[in-house]
Amino acid sequence: MTRPVITFENVSKEFKLSKLRVRSLQEMFVSMFKKELRGKHRFWALKEVNFTINAGETVALVGTNGSGKSTVLKLISRIIDPTLGIITVSGRLSALLELGAGFHPDLSGRENIFLNGSILGLDRKEMTKKLDAIIDFADIGEFIDVPIRNYSSGMQMRLGFSVAVHVEPQIILVDEVLAVGDYNFQLKCLNKIREMQKQGVTILFVSHDFEEIQKLCDRAIWLNRGEVMAEGSTDDIIKAFMDIYQSKEGQDSFPQSGVIPIVEQNMVTSDVGI
Ligand SMILES: Nc1ncnc2c1ncn2[C@@H]1O[C@H](COP(=O)(O)OP(=O)(O)O)[C@@H](O)[C@H]1O
Ligand SMILES: [Mg+2]
């Protein structure tokens, strides 16, 4: 029997974009003289997104850069709130989002394991029980006692993934970051993901590696410019995605009705984002 664990009902997310990003004192003074750049404008990163993910499914979220994939994962993790719409999530969730997310740069890897545990609602005693397994899996040697700010991106990913999979999640979100791991560690992660699939964990997976997606995912949802373009079997969605982006026409114009036979959701009416 299917049981929904993540549902998005007409979810939209608006961001306020500052036209000028001030990075230094010098830039701040410059910006004071450039009045026209000081205004803010609004931007819809997601527009009326609807989908349901059932218990035990592994679903891929695909789409070009900026299509809204990470925004969906952040909304599910409640790092940000939707501007409109309803999101329902049931079950203990752990997430591997951007590198370093959830880590404090000044604390060591070991201290960050406990910090993450408390964020996920696990007390020190429970985390102490899991500590050896987390450190073993991450396999970063003595760096475990070094502040995270001195970690390479691969090391941050190792520790982040290890924590995320050892806290017994019922739902796990993985955003692109696996790609920064070396070959061996990526294989280790994929094996761990397969193990979690067997245990019935619900997985939402963002990756640009279509081979990996085809091997792992039951289903795929395609986001384009903040809208669900299509959802369906992984093979159908990847084929439709490749057809559009590999064809010259796909880069110049938007897909016409009927081009994608598996479309179940709203077809975009603007051009396809690259
Ligand atoms: N905090 C934010 N403030 C303003 N704009 C944002 C913010 N987060 C994301 N965006 C914008 O929302 C859009 C979707 O971003 P994102 O979800 O990160 O895309 P993806 O993960 O598919 O590459 C992008 O145009 C991005 O610039
Ligand atoms: Mg992203």
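Over all Cα atoms in segment 101-167, the spread is summed up by Rg and Dmax: 10.5, 29 Å. For the peptides 220-233, 165-178, 115-128, 71-84, the ranking by packing is 220-233, 165-178, 71-84, 115-128, with the highest mean count of neighbouring Cβ atoms within 10 Å listed first.
Among residues other than Gly154 with Cβ under 12 Å from its Cβ, the summed charge is -1 (Lys and Arg +1, Asp and Glu -1). Candidate cross-link partners of Lys47 among the aspartates and glutamates, defined by an alpha-carbon separation under 17 Å and a same-chain spacing of 8 or more, comprise Glu9, Glu14, Asp81, Glu227, Glu231, Glu264, Asp271.
Backbone amide hydrogens, once placed in the peptide plane, bring Leu46 within less than 5 Å of Lys13, excluding anything fewer than 5 places away on its chain. Amide H contacts of Gly232: Ala220, each under 5 Å away and 5 or more positions distant or on a separate chain (H built 1.01 Å from N in the peptide plane; Pro and chain starts excluded). Note on Lys215/Asn10: beta-carbon distance plugged into 1/(1 + (r/R0)^6) with R0 of 25 Å gives a FRET efficiency of 0.15. Between Leu25 and Asn54, what FRET efficiency comes out of the Förster formula 1/(1 + (r/R0)^6) with R0 = 45 Å and r the beta carbon distance, rounded to 0.05? After rounding to 0.05, the efficiency reads 0.30. Counted by Cβ distance under 12 Å from Leu122, the other residues give a net charge of +2, where Lys and Arg count +1 and Asp and Glu count -1.
For segment 152-163, backbone phi angles converted through the Karplus equation (6.51, -1.76, 1.60; θ = phi - 60°) give residue-by-residue couplings of 6, 4, x, 5, 4, 5, 4, 5, x, 5, 4, 4 Hz, Gly and Pro being listed as x. Between amide H atoms placed 1.01 Å from N, distances below 5 Å from Thr202 occur with Gly56, Ile171, Ile172, all of them 5 or more places distant or on a separate chain.
The gain in end-to-end length when the Leu190 to Ile87 segment is fully stretched comes to 34.3 nm, 0.36 nm per residue minus the alpha carbon separation.
Distance between the pseudo-spin-label points of Val146 and Tyr183 (7 Å out from Cα toward the beta carbon): 2.4 nm.
Coordinate-derived values only; no laboratory data. Since this is a predicted model, take the numbers as computed values, not measurements. For neighbour counting, all protein chains shown are included, and Cβ atoms are generated from backbone atoms with ideal geometry for every residue, glycine included.
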